[in-house]
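K.L.:
Attaching a single structure in structure tokens format; questions to follow.
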Amino acid sequence: MLYLLFGSLFGMMAVGVPIAVALAGSSLLYVWAAGMPDVVVLHRMIGGIDSFPLLAIPFFILAGNLMNSALITERIYAFAVAAFGWMRGGLGHVNVVGSVIFAGMSGTAVADAGGLGTIEIKAMRDHGYDDRFAVGITAASSTIGPIIPPSLPLVIYGVMANTSVGQLFAAGFIPGLGMAGALMIWVAWIARRKNYGRDARFSAQVLVVTFKQAFLALMTPVILIGGMVSGMFTPTEAAIAAVVYALFLGFAVYRTLTWESLVRVSLETIETTAVILLIVAAASIFGWLLTSARVTEQLTEWVLGFSKDPVTILILVNVLLLVVGCFLETIAAITILVPVLLPIMTQIGVDPVQFGLIMVLNLMIGLLTPPVGMVLYILARVARIPFEECAKACLPFLVPLLLVLAVVTFWPAFSLWLPTLVYR
């Protein structure tokens, strides 16, 4: 029976069937073969998305789209140039800092790459940086978005793992800053090796002016993260607050939003949300079938029988996630693998919050690797270079990201210190 479930899933994926349809279709075939009533599929799919934390998804997507449409990202970028453009390889550092700031607004790597990426790559080309460096650092820095709160992948993981989304958000803050620090060190090394210069003279006056222009936009992550940490609102309520604040900035303060752009952004948000929730719903029935067939228990017993050494198991799980990230879309990978891998992690004493960061960081690295890396497709289109060149450009920047992944994996306090301090 399990051969039917997995065989039909991989068969449909191999011929290009959308992942949501493949998950639901393979589950339906299994239910028919097992003699279960068809209504089980619908019941479990509806139950899979009947979750309050999942309401955060459309609102965070909408907030990020509004920030891009209202040209708020341009103000953030101008401030980052004034603050860090004077360093050697300045626009590379600006690229990273801009992503850190935008991460506190959107929660997705795709929004970062599509929004800030357009501005960053053009500016770096104008200042004489080669395309590979510009595309590589833009792609690598975009992966910070889903690590620093708010984060859509962490919301999905929290729902699937029945883990506090607030604790997951707190856990991502320090690793996200660690990723930024590692990338900036890498940029400094490349800038010295390739003799990149400074892209702006430091001017206190320009810094003050750009800070004033971007101040209200910069307050977005402060409001969201501060509100969640202080307990003023839940992550879902924070997503709604982000939308309200983005509308306020776009219509009342900067006046860069129009009703036409609001309608367009809303339709884009509805489309993206529908795709994500359909994947979550389809993966819910698939995960339930795996659990009811005791696949998760058997896999746990097999892995622990193979090795009880936590370090060995963590290395194997990381390798698995890195490989899966090359082929599966992030949301689909989380919804499929959490029911399978979380019991193993629990058995070897890994905190579910720490494992959430391990899983999401692995899958973010997967966004930079072919054949499914969504960030690569976006930046290939933005930079107007072949997909293969885009993939090659990202390879050197995997080094600092993998180093941070190793720290997150083998030093629990790196991700657990802040949630322990705030929530426990």
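K.L.:
Report the residue count in the range 349-380 for those that are surrounded by fewer than 20 Cβ atoms within 10 Å (Cβ to Cβ) and modelled with pLDDT of 85 or more.
P.N.:
Count: 3.
K.L.:
For the structure I just gave you, tell me whether Leu316 is on the phi < 0 side of the Ramachandran plot, modelled with pLDDT of 70 or more and out of contact with any helix residue (DSSP H, G or I) (no Cβ under 6 Å at 6 or more places or on another chain).
P.N.:
In short, yes.
K.L.:
Does Met232 count as crowded, with 19+ Cβ neighbours inside 10 Å and more than 14 Å from Ile72 (Cα to Cα)?
P.N.:
No, not satisfied.
K.L.:
Among the numbered criteria (1) within 30 Å of Leu262 (Cα to Cα); (2) surrounded by fewer than 19 Cβ atoms within 10 Å (Cβ to Cβ); (3) not charged (D, E, K, R), which single criterion is violated by Asn68?
P.N.:
Of (1) within 30 Å of Leu262 (Cα to Cα); (2) surrounded by fewer than 19 Cβ atoms within 10 Å (Cβ to Cβ); (3) not charged (D, E, K, R), only one is false for Asn68: (2).
K.L.:
Here's something else I'd like to know. What are the residue pairs meeting all of these: first residue in the range 164-178, first residue on the phi < 0 side of the Ramachandran plot, second residue surrounded by fewer than 21 Cβ atoms within 10 Å (Cβ to Cβ), Cβ atoms under 6 Å, and 6 or more apart or on different chains?
P.N.:
Val165/Pro53; Gln167/Tyr423; Ala170/Leu418; Ala170/Val422; Phe173/Leu418; Ile174/Leu418
K.L.:
Is it the case, given these coordinates, that Gly181 is without any contact (Cβ under 8 Å) to a residue 60 or more places away in the chain and either touching a helix residue (DSSP H, G or I) at 6+ places or on another chain (Cβ under 6 Å) or not hydrophobic (A, V, I, L, M, F, W, C) (or both)?
P.N.:
The answer is yes for Gly181.
K.L.:
Quick one: which of Leu247, Leu177, Leu257 is over 19 Å from the mean Cα position of the chain (by Cα) and open to solvent by 30 Å² or more (accessible area, probe 1.4 Å)?
P.N.:
Step by step, each of Leu247, Leu177, Leu257 is checked, and only Leu247 is over 19 Å from the mean Cα position of the chain (by Cα) and open to solvent by 30 Å² or more (accessible area, probe 1.4 Å).
K.L.:
Further question: Name the residues in the range 13-33 that are over 18 Å from Ser284 (Cα atoms) and not in a loop (DSSP other than H, G, I, E, B), would you?
P.N.:
Matches in the range 13-33: Ala14, Ala33.
K.L.:
Just to be sure I understand the filter: pairs with C-beta atoms under 9 Å, separated by 6 or more residues or on different chains, first member in the range 360-380 and farther than 16 Å from Ile19 by Cα, second member modelled with pLDDT under 70 and hydroxyl-bearing (Ser, Thr, Tyr). Which pairs pass?
P.N.:
Taking only residues 6 or more apart or on different chains, not a single pair turns up.
K.L.:
Restricting to the range 350-371, name every residue that is part of a loop (DSSP other than H, G, I, E, B), among the polar types (S, T, N, Q) and more than 15 Å from the chain's Cα centre (by Cα).
P.N.:
Within the range 350-371, no residue meets the criteria.
K.L.:
Related question: Which residues, counting only those in the range 187-199, are open to solvent by 30 Å² or more (accessible area, probe 1.4 Å) and not acidic (Asp, Glu)?
P.N.:
Ala188, Trp189, Arg192, Arg193, Lys194, Asn195, Gly197, Arg198
K.L.:
Moving to a separate point now. Would you say Ala204 is modelled with pLDDT of 80 or more, more than 18 Å from Arg75 (Cβ to Cβ) and open to solvent by 40 Å² or more (accessible area, probe 1.4 Å)?
P.N.:
yes
K.L.:
State which residue pairs qualify: first residue under 19 Å from Arg381 (Cβ atoms) and of a type in the set (D, E, K, R) and inside the range 124-142, second residue at pLDDT 80 or above and buried (at least 24 other Cβ atoms within 10 Å of the Cβ) in any location, beta carbons under 6 Å apart, and separation of 6 or more residues or different chains.
P.N.:
From residues that are under 19 Å from Arg381 (Cβ atoms) and of a type in the set (D, E, K, R), the pairs are Arg132/Ala393.
K.L.:
Moving on to the next point. Of all residues in the range 41-56, which are over 19 Å from Met160 (Cβ atoms) and aromatic (Phe, Trp, Tyr)?
P.N.:
Hits for the range 41-56: nothing passes.
K.L.:
State which residue is nearest to Ile49 (Cα to Cα) when the search covers only the range 226-279 and only residues that are of a type in the set (S, T, N, Q) and outside any helix (DSSP H, G or I).
P.N.:
Thr234
K.L.:
Does Thr73 satisfy being open to solvent by 10 Å² or more (accessible area, probe 1.4 Å), closer than 25 Å to Ile174 by Cα and modelled with pLDDT under 80?
P.N.:
So Thr73 fails the test.
K.L.:
Consider Leu216 against the criteria (1) within 20 Å of the chain's Cα centre (by Cα); (2) modelled with pLDDT under 85: it satisfies all of them except one. Which criterion is unmet?
P.N.:
All conditions pass for Leu216, except number (1).
K.L.:
From the list Phe59, Phe79, which residue is open to solvent by 20 Å² or more (accessible area, probe 1.4 Å), at pLDDT 75 or above, of a type in the set (Phe, Trp, Tyr) and over 28 Å from Ser164 (Cα atoms)?
P.N.:
Just one listed residue meets the conditions, Phe79.
K.L.:
When only residues in the range 395-412 that are more than 19 Å from the chain's Cα centre (by Cα) and modelled with pLDDT of 90 or more count, which is surrounded by the most Cβ atoms within 10 Å (Cβ to Cβ)?
P.N.:
Ranking the qualifying residues of the range 395-412, first place goes to Pro412.
The values are calculated or read from the model by the stated rules, or taken from the named source; none is laboratory data. Being a predicted model, the structure only gives us computed values, none of them experimental. Glycine gets a Cβ as well: all are built from the backbone with ideal geometry, and neighbour counts include every protein chain shown. To get the accessible areas, we keep the full protein, side chains included, count just its heavy atoms, and leave off ligands, DNA and RNA. Shrake-Rupley method; radii C 1.70, N 1.55, O 1.52, S 1.80 Å.
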